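What follows is a single structure, written as structure tokens, with notes after it.
Rule-based calculations on the coordinates, nothing more; no lab input. This one's a predicted model, so the numbers in the text were calculated from it and none came from an experiment. Cβ sites come from the backbone with ideal geometry, for glycine too, and all protein chains shown count toward neighbours.
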Amino acid sequence: MEEYKNIQDATNSVLNVQSFVKRKSQKGPEKKRESFVRVVNMIEEAIVRSQIMYTDLDMDMAKYDERFYSAIDYLLLTSYGPECYDLISFYLWERMDENGESLSLVDSQGNEINMQSPYDLWDMMIKINPKLK
């Protein structure tokens, strides 16, 4: 809510009024999309944290983290289906090479598909399974 307070204070001072700023509630598809993006971002943060622990502190947490990632994988698979799960898995684990360079997926027609953000991933999932909306 702090970011809204800053907007409200700026509006009050510029327009010399007493304003009220509130977040617009999300509905249906937009709420699903934003929830999905939040989840993917959290998973990515956990993956990066594990990688940093391994490279900077020489702590291999793979055996410890494996059960958590397996549970997350199962939830993603049952929630979004096998095709979308494969996309999510690629996005999280395979879209970057060891040098941090972005890799593309190639569809059945030979077209390259680049996903730079969880929003791109969601849009691709919707193309595969429009029922997710």
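Points to keep in mind about this one:
- Only one of ASP73, ASP123, ASP86 that is in contact (Cβ under 8 Å) with a residue 12 or more places away in the chain and either under 18 Å from VAL39 (Cβ atoms) or surrounded by 14 or more Cβ atoms within 10 Å (Cβ to Cβ) (or both): ASP73
- In the stretch 89-117, the residues that are under 21 Å from LYS32 (Cβ atoms) and surrounded by 12 or more Cβ atoms within 10 Å (Cβ to Cβ): SER89, PHE90, TYR91, LEU92, MET115, SER117
- Residue match in the stretch 72-82 (condition: in a helix (DSSP H, G or I), out of contact with any Lys or Arg (no Cβ under 8 Å at 6 or more places or on another chain) and over 19 Å from ILE128 (Cβ atoms)): yes
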